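The values are calculated or read from the model by the stated rules, or taken from the named source; none is laboratory data. Treat the numbers as computed from the prediction; the structure is a model and nothing was measured. As a convention, Cβ positions derive from the backbone with ideal geometry for all residues, glycine included, and neighbour counts pool all protein chains shown.
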Number of protein chains: 2
Amino acid sequence: MTSEPNLLAVIQRQLNELNKSEAKVAQAILNAPEEATRSSIASLAAAAGVSEPSVNRFCKRFGATGFPDFKLQLATSLASGVRYVSRAVEFSDDINTFPTKLFDNAINALMTAKEELPLKAIARAVDQIAQARRVYFFGLGTSAAVARDAEHKFFRFNVPVFTHEDPLMQRMLAASAGVGDLFFFISHTGRTKVLVEAAEIARQTEATIVSLTAEGSPLADQSHYCINVKIEEDTEQYLPMTSRLVQLVILDVLAAGVTLRRGEGFTPHLARIKDSLKDTRFPTS
Amino acid sequence: MTSEPNLLAVIQRQLNELNKSEAKVAQAILNAPEEATRSSIASLAAAAGVSEPSVNRFCKRFGATGFPDFKLQLATSLASGVRYVSRAVEFSDDINTFPTKLFDNAINALMTAKEELPLKAIARAVDQIAQARRVYFFGLGTSAAVARDAEHKFFRFNVPVFTHEDPLMQRMLAASAGVGDLFFFISHTGRTKVLVEAAEIARQTEATIVSLTAEGSPLADQSHYCINVKIEEDTEQYLPMTSRLVQLVILDVLAAGVTLRRGEGFTPHLARIKDSLKDTRFPTS
DNA sequence: ACTCATTATGTAGTAAATTTACAAATATTC
DNA sequence: GAATATTTGTAAATTTACTACATAATGAGT
């Protein structure tokens with residue numbers, strides 16, 4: 001079953017080539033698609049002003065095995081279309097609306113990112129991280145928090161990991177890098193000067209440069225390997241809210257990739273790290 | 001029509017509270033969701049090993065008017081592309097499967113959190129933050145990165161914001177707190193001793209204590225206001241991956257709430273902050 | 001313009017699927 | 001262990017969808 005991404009568009013396109021009664025059915029469906037998914041064949045036939053078998057024939061014409069199957073395809077098609085709409089928070093919003101909007105935006109961002117994941121770039125980045133002698137995560141502003149998060153994740157792999165928010169430290173570390181060092185730059189825009197400059201400095205050494213940033217940005221240009229994250233429109237007026245979520249999940253993906261690379265024998269090591277925290281917590285009652 | 005964004009997650013979550021036969025139906029659906037959307041009630045009943053009316057009752061229990069309506073909702077929910085409920089990464093996974101799994105898990109976590117958002121607690125927290133004289137964000141480990149992110153967000157509101165990862169600093173600052181100070185504790189488990197102790201110390205002052213943590217935890221007990229985040233099962237064996245995403249989005253929600261509270265006249269101030277970064281970036285070509 | 005062939009549409013009956021009402025079985029409480 | 005409540009299944013009723021066939025409409029050729 002080749003589930004058509006947009007059934008309504010297909011119907012619309014074929015409107016001319018349909019018989020009179022089939023066209024009536026098409027029109028009825030186009031007028032109220034959601035309702036059509038909930039109707040019985042009888043009520044849809046009535047709404048279109050045709051007989052039930054006409055509706056049935058219509059369905060088969062569009063590749064369905066029958067009316068129920070057609071409804072299913074229609075519902076599927078409608079569901080995937082509605083999804084990707086980001087809604088900005090407005091001053092007229094209240095506690096019942098804006099939290100949902102923000103969550104929806106976050107979910108949408110992740111779904112979009114998931115569909116266009118640069119898998120090859122991710123795979124290559126995993127390779128590089130797995131064999132690095134040292135890893136530096138550099139970011140500024142919001143991305144500094146992401147870098148910090150990455151640090152907490154990657155130190156588990158027995159690779160020394162460093163993070164610095166100080167641009168001067170970043171420059172100096174970049175300058176003193178050598179073979180086996182990996183610099184991982186994180187930036188939403190990929191245009192932050194001091195960060196790009198640090199990348200340029202690192203580029204002149206033997207170190208490997210990986211970045212998680214916008215495609216075609218100056219930072220991407222400086223990188224040996226770049227994981228592109230689509231820069232979305234500025235729905236959220238004043239803060240990059242969703243992009244850092246995507247960055248975090250991609251870093252999770254990288255960490256998982258390295259774990260898989262290390263193999264099953266590595267699990268006890270991770271378990272030991274986890275256990276080490278046991279005594280810092282109040283026991284569960 | 002309350003079209004459920006992720007019906008499978010809802011089913012999964014309620015598995016325990018179902019009767020024997022309803023649980024069988026649930027299992028059958030979770031095993032092969034897309035097949036279920038194409039089955040008749042009879043074949044699904046057979047697959048689950050129960051009678052047809054049991055399937056029907058199951059559907060109604062989940063808000064559908066009947067079996068066809070349920071299939072529709074299920075198809076709609078599946079169409080979003082977020083497949084299974086929570087899938088752990090396994091060593092047999094490769095680059096084509098584990099990134100998707102991690103994204104799906106993240107998306108699911110946000111969807112679940114969205115459904116059970118503690119709106120009243122959020123509203124109260126917004127109130128408190130909006131009128132605080134000073135705000136401290138305290139977290140440790142992964143939550144330290146979240147706290148850092150919060151700092152980047154909330155300083156924009158003309159309220160002094162502080163973050164410290166050092167437990168000793170946290171204690172000392174807690175001890176020296178006074179009226180108008182707000183301590184915002186972030187913790188996945190709510191059981192980290194040094195953090196809870198800092199909260200206890202702060203509690204003895206005039207300061208307000210807000211936490212973003214697990215319900216019923218020691219940290220929650222120390223808080224005047226607690227935003228509960230459901231602690232999910234430990235699918236991710238060794239790292240809390242999804243919970244921090246939820247924490248971040250909830251902090252976005254709080255920030256948005258404070259922005260709305262400040263009113264429209266506050267927008268220029270935010271714009272000025274944004275503009276201040278302009279010269280740090282390479283211009284867009 | 002008329003007939004024949006072709007296509008389109010509807011009618012009616014049939015089969016299938018879903019739901020309801022009720023009865024049997026199982027679990028729960030006192 | 002009896003009484004009650006809950007769960008589950010059986011069987012009938014109802015709704016829904018499909019098939020076969022008949023009628024109507026359309027178009028081509030004479």
Only one of these is more than 16 Å from DNA strand C (Cβ to nearest atom), more than 7 Å from chain B (Cβ to nearest Cβ) and outside any helix (DSSP H, G or I): A:Ser92, A:Ser77. Name it. A:Ser92
So, in the stretch A:26-40, of the ones that are within 14 Å of DNA strand C (Cβ to nearest atom) and within 19 Å of B:Phe67 (Cα to Cα), which residue ends up nearest to the other protein chains (Cβ to nearest Cβ)? A:Arg38
Pull out all pairs, ordered by first then second residue, where Cβ-Cβ is under 7 Å, the residues are six or more apart or on different chains, the first lies in the stretch A:256-285 and is without any contact (Cβ under 8 Å) to a residue 40 or more places away in the chain, and the second is among the charged types (D, E, K, R) and assigned to a helix (DSSP H, G or I). A:Thr280/B:Lys193; A:Arg281/B:Lys193; A:Phe282/B:Lys193
Could you grab me the full set of residues in the stretch A:53-67 that are within 13 Å of DNA strand C (Cβ to nearest atom) and surrounded by 15 or more Cβ atoms within 10 Å (Cβ to Cβ)? A:Ser54, A:Val55, A:Asn56, A:Arg57, A:Phe58, A:Arg61, A:Phe67
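Rundown of residues vs (1) under 39 Å from the mean Cα position of the chain (by Cα); (2) of a type outside the set (A, V, I, L, M); (3) closer than 24 Å to B:Ala79 by Cα, yes/no style:
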| site | (1), (2), (3) |
| --- | --- |
| A:Leu7 | yes, no, yes |
| A:Ile11 | yes, no, yes |
| A:Leu15 | yes, no, no |
| A:Asn19 | no, yes, no |
| A:Glu34 | yes, yes, yes |
| A:Gly49 | no, yes, no |
| A:Lys60 | yes, yes, yes |
Boolean, A:Ser86 is at pLDDT below 90, more than 9 Å from DNA strand D (Cβ to nearest atom) and among the small types (Gly, Ala, Ser): yes
Does the stretch A:126-133 include one or more residues that are within 11 Å of another protein chain (Cβ to nearest Cβ) and either surrounded by fewer than 17 Cβ atoms within 10 Å (Cβ to Cβ) or within 28 Å of the chain's Cα centre (by Cα) (or both)? yes
Within the group A:Pro240, A:Pro268, which residue is at pLDDT below 90 and under 19 Å from the mean Cα position of the chain (by Cα)? A:Pro240
What number of residues in the stretch B:41-54 are more than 11 Å from DNA strand D (Cβ to nearest atom), in contact (Cβ under 8 Å) with a residue 12 or more places away in the chain and within 14 Å of another protein chain (Cβ to nearest Cβ)? 1
Return yes when B:Ala130 is among the hydrophobic types (A, V, I, L, M, F, W, C) and farther than 30 Å from A:Arg38 by Cα and no when it is not. yes
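Name the one entry in B:Leu219, B:Leu195, B:Leu182 that is touching a residue at least 12 places away in the same chain (Cβ under 8 Å) and in contact with a Pro (Cβ under 8 Å, 6 or more places away or on another chain). I'd like the intermediate steps shown before the answer.
Numbers: B:Leu219 fails: in contact with a Pro (Cβ under 8 Å, 6 or more places away or on another chain); B:Leu182 fails: in contact with a Pro (Cβ under 8 Å, 6 or more places away or on another chain).
Matching residue, one of B:Leu219, B:Leu195, B:Leu182: B:Leu195.
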Take A:Val179 and decide whether it is at pLDDT below 95, away from chain B (no Cβ under 11 Å) and touching an Asp or Glu at 6+ places or on another chain (Cβ under 7 Å). yes
Test A:Arg57 against the stated conditions and say whether it is of a type outside the set (Gly, Ala, Ser) and within 12 Å of DNA strand D (Cβ to nearest atom). yes
Would you check which residues across the stretch B:104-114 are more than 9 Å from chain A (Cβ to nearest Cβ) and within 24 Å of A:Asp93 (Cβ to Cβ) and list them? B:Ala109, B:Thr112
Restricting to the stretch A:138-166, and then to whatever is of a type in the set (Asp, Glu) and within 11 Å of chain B (Cβ to nearest Cβ), can you tell me which residue is surrounded by the most Cβ atoms within 10 Å (Cβ to Cβ)? A:Asp149
Which of the helices (runs of 4 or more DSSP H) contained wholly in the stretch A:154-221 include at least 1 residues that are under 22 Å from A:Asp127 (Cβ atoms) and among the basic types (Lys, Arg)? A:193-203
